[in-house]
Each structure stands twice: as structure tokens, then as C-alpha cells.
Amino acid sequence: MNIINRIADRFAKVTPLPAGIYHLQATLDETPYRLHLRLQRDGSGILIVNASTVLQLNPTAAEYAFHFVKGNSPEEAAKQISARYHVSKETAVQDYNDFAERIHTLISTPDLDPVSFLDFELTAPHSADLTAPLRLDCALTYRLPAATEAEYAPTKRVNRELTTEEWKKILDGAWDFGIPQITFTGGEATLRDDLPYLIAEAEKNGQVCGLLTDGLKLQDKQYLSLLLQTGLDHILFLLQPESTESWQALESILAEDIFVTVHITLHEENVRTAEATLERLAKLGLKSISLTTSDASLQDAFATLRNKAAEKGLTLRFDLPVPYSAHHPVAYETHEDNLPEAAGKVWLYVEPDGDVLRAQGMPDFVLGNLLTDSWSKIYPSRG
């Protein structure tokens with residue numbers, strides 16, 4: 001029986017543990033690891049494993065994580081859990097050991113999805129009582145490589161780019177506010193010479209770090225190795241299916257120990273060959289894919305390809321940043337204004353000058369600027 005079901009009927013009567021951030025640095029079989037646990041006011045939690053994987057936990061799972069991070073023995077954890085939930089100590093020990101075993105498996109498993117779930121019953125992230133977003137999408141620049149087709153260019157709202165030190169200040173402030181994941185986007189983020197330094201800053205903080213890129217610069221093995229060594233955890237690769245160079249770049253990246261999601265924007269020119277593209281991606285061993293379309297007339301084709309992707313074992317992701325403002329995601333759950341429900345709550349988007357939007361390509365309302373406005377103004381407490 002699921003360990004959560006054993007005490008779910010009692011949990012609502014129990015006062016959650018104090019909200020806050022808790023840390024653990026330890027070793028497992030001589031391998032060092034680190035955990036960051038953020039407890040929410042409602043008792044749910046965010047557990048970050050080795051600054052590379054985010055686990056979203058319901059209140060019961062978060063309580064087990066709390067005892068794990070605090071270094072409590074199974075017996076001590078069981079004693080407290082037994083007293084709080086009126087379950088036997090034997091059951092509490094078994095449940096705690098089960099939780100610990102799953103964490104140990106995650107610690108020793110390479111190439112993980114940056115946002116993963118333990119085998120617990122979970123609510124959708126956007127329905128939780130969040131005190132901070134789970135992810136900050138940072139558009140470092142709106143510049144694109146030379147000869148990039150105009151249709152791929154993002155809408156340019158601002159002219160100024162923040163300096164390295166200004167971006168570091170934003171990353172540090174986001175971590176202090178409780179944001180566990182950063183995605184660097186653009187434009188083409190690899191055109192910023194300071195990208196490795198910004199990745200290293202996120203790694204220093206303990207933030208999970210992703211990169212949205214066309215991947216062409218990552219064909220330089222030395223540059224790719226630098227990004228990996230400084231702390232890059234996952235890549236959203238913007239595949240250009242008609243480009244041999246794009247496929248070569250993807251194959252080089254997939255050979256490395258890093259989680260990769262491939263993004264494809266469907267249009268009239270590539271939709272007819274899209275199924276063959278999915279087949280090729282599956283053969284390369286890809287696990288995760290993001291599909292969008294900028295043409296409403298392709299909705300039927302999109303639905304067909306979505307099913308084909310699932311048949312080939314490709315996990316569909318709709319919660320990652322959209323590459324360019326002209327290409328909005330086909331949201332599975334939206335507000336009346338066609339924004340994904342999680343936009344502005346689970347994630348926020350920062351423009352190259354520090355302005356904050358609810359999502360990329362949605363400049364309807366600027367929430368503030370991270371150089372001049374406090375996080376409490378930009379993201380008022382939901383508690």
C-alpha cells in the first residue's frame with residue numbers, strides 16, 4: 001500500500017512543519033551529495049538533489065524529507081512521525097526507509113529529468129500554495145546567430161542587456177527568495193561570453209540550471225565541457241529538422257551525461273516529415289520532447305504527432321520556456337487570456353534588462369524590474 005495512503009486521512013489534522021530552507025551535505029558510498037529542502041507554509045516541499053533534480057513533494061513526503069535532511073535516524077524519525085500521526089513505529093520506520101531508499105537511488109542515478117517526482121500522490125504544482133516560483137526563465141540576450149531567419153527572431157521589447165554582475169545579483173536574489181531552478185534563454189544565450197560564469201553562479205547557490213539553445217555552439221566539445229563542468233544540468237535543444245548541422249550538434253550533446261529535451265516548432269514546411277523526425281529522435285535515445293505550433297490550422301496534425309511521440313516513448317513537456325514569442329505552447333490548461341495556468345505562479349520570465357513578465361512573449365503587464373523592485377512586490381505572498 002502506498003505509504004501516503006496509510007496516513008492521508010489523518011494528515012489534514014496535523015500542523016505542518018515550520019516553513020523554511022534546510023540543507024544537507026553528505027556522502028553515499030564515498031560519493032558526495034547535497035540536498036536542499038524548501039518547506040512551504042501548507043506543508044508541501046521542494047527537494048533539490050545535487051543541484052540537478054527538483055522533487056515536488058506533498059506534505060507527507062516533505063515530512064520524510066525533513067527528517068532525512070536533518071540526519072535523523074530511522075528510529076528517531078519514526079518516533080516523531082508515530083506521535084504526530086498515530087501510526088505504529090514499525091510502519092513509520094518502514095515508510096521512512098522506503099523514502100530513504102528512493103532518495104539514495106536518485107543520488108546514484110545519472111541523467112535525470114530536472115523536474116522529477118518520487119512515487120507519491122502529488123498535486124499539480126500550480127495548485128499548490130507557493131511562496132516563490134519554482135523556476136525563473138532568464139533571457140540573457142535577444143541576439144541571434146548571423147543569418148538566422150526572421151521568423152525565428154524573438155520580439156524585441158528592450159534594448160539594454162544586463163551586465164554579468166547584475167545577472168549574478170538577480171540569481172542570488174532569486175535563490176534567497178526560494179527559487180530552485182534557473183533556465184537561461186534568449187535569443188541565443190550562448191552568444192553571451194559570460195554564460196559559463198552565470199551557470200557557475202547558479203551552481204554555487206544550489207540552483208538547478210538549464211539552457212535553451214540551438215546547440216550549434218555546443219558542437220565545440222571544449223565549450224560544451226566547460227558548461228557541464230560549471231554546473232549545467234539540462235538542455236532544451238531547438239532542433240531544426242532540415243539542418244544537418246543541427247542533427248550533428250544534437251548527437252554530440254546526447255553523447256554527454258546531461259538530460260536533454262528537444263523542442264520542435266511545427267509549421268507547414270516540416271509537419272509532413274515530423275513523424276520521421278520523431279522516429280529518428282527515438283532511435284537516438286531521446287527521452288523528452290517539446291512540441292509547439294504557431295499555426296492554428298495545424299492543431300489536428302499536432303494532436304496526431306503528440307500521440308505518435310507517446311507511442312515512441314517520448315515524454316511530452318509543455319512547461320518549459322517557449323523559444324520565441326511568435327511560437328506559443330499548445331497549453332493543456334490555460335486562463336481566459338490563453339496563458340498556461342502555471343505562468344506567473346510556477347515560473348516567471350526575465351527580459352534582458354531585468355523586466356519580469358508572467359511568461360515569455362506575454363508583455364501585457366510588466367510585474368516589475370529585478371534591479372529596482374523587491375521580490376515581495378514582483379511576487380506577492382500567496383500564503
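The values are calculated or read from the model by the stated rules, or taken from the named source; none is laboratory data. As the structure is a prediction and not an experimental result, all values here were calculated from the model. Positions of Cβ are backbone-derived with ideal geometry, glycine not excepted, and every protein chain shown enters the neighbour counts. Each accessible area value is taken on the protein alone, full model and side chains, heavy atoms only, with ligands, DNA and RNA left out. Shrake-Rupley method; radii C 1.70, N 1.55, O 1.52, S 1.80 Å.
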(request) Using the Karplus curve 6.51 cos²θ - 1.76 cosθ + 1.60 with θ = phi - 60°, work out ³J(HN,Hα) for each residue of the stretch 92-108 in order, rounded to whole Hz, and write x for Gly and Pro. (result) 5, 5, 4, 5, 5, 5, 5, 4, 4, 5, 5, 5, 4, 5, 5, 4, 9
(request) Treat every Asp and Glu Cβ in the chain as -1 and every Lys and Arg Cβ as +1, leave all other atoms uncharged, and give the resulting dipole magnitude about the Cα centre to the nearest 20 debye. (result) 940
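Quantify, in whole percent, the carbon and sulfur part of the accessible surface of the chain (1.4 Å probe; protein heavy atoms only). Mind dumping the intermediate values first?
Numbers: 8190 of 16760 Å².
Using a 1.4 Å probe with all protein chains present, the chain comes out at 49 percent carbon and sulfur.
What does the charge count near Cys209 come to, summing +1 for each Lys or Arg and -1 for each Asp or Glu among other residues with Cβ under 10 Å from its Cβ? Each step should come with its number before you reach the end.
Values: positive: none; negative: Glu201, Glu203, Asp233.
Taking every Cβ under 10 Å from that of Cys209, the sum is -3.
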(message) Whole percent per 10 Å bin, from 0 to the bin with the longest distance: what is P(r) over all C-alpha pairs of the chain?
(response) 5, 23, 31, 25, 12, 3, 0
(request) Determine how large the accessible area of Glu90 is when every protein chain is in place; take a 1.4 Å probe and give Å² rounded to the nearest 10. (result) 130
(message) How much of the DSSP bridge set in the chain is antiparallel, in percent, rounded to the nearest 5?
(response) 45
(request) Taking 7 Å along the Cα-to-C-beta vector as the label spot, tell me the Asp194-Asp176 distance in nanometres, rounded to one decimal. (result) 1.8
(request) Ignoring everything but the protein chains, give the 1.4 Å probe accessible area of Trp175 in square angstrom, nearest 10. (result) 40
(request) May I ask you to give the solvent-accessible area per residue for the chain, in square angstrom, as obtained with a 1.4 angstrom probe? (result) 44
(request) Measure up Lys156/Lys345; Lys70/Lys169; Lys168/Lys204; Lys217/Lys312; Lys221/Lys287 against 19 Å on the Cα-Cα distance and list the ones that go over. (result) Lys156/Lys345; Lys70/Lys169; Lys217/Lys312; Lys221/Lys287
(request) Determine the principal axes of the Cα atoms in the stretch 149-266, then give the extent along each, sorted from largest to smallest and rounded to whole angstroms. (result) 42, 35, 23
(request) Quick one: P(r) of the stretch 39-107 from all Cα-Cα pairs, 10 Å bins, percents rounded to integers, in order of increasing distance. (result) 21, 54, 23, 2
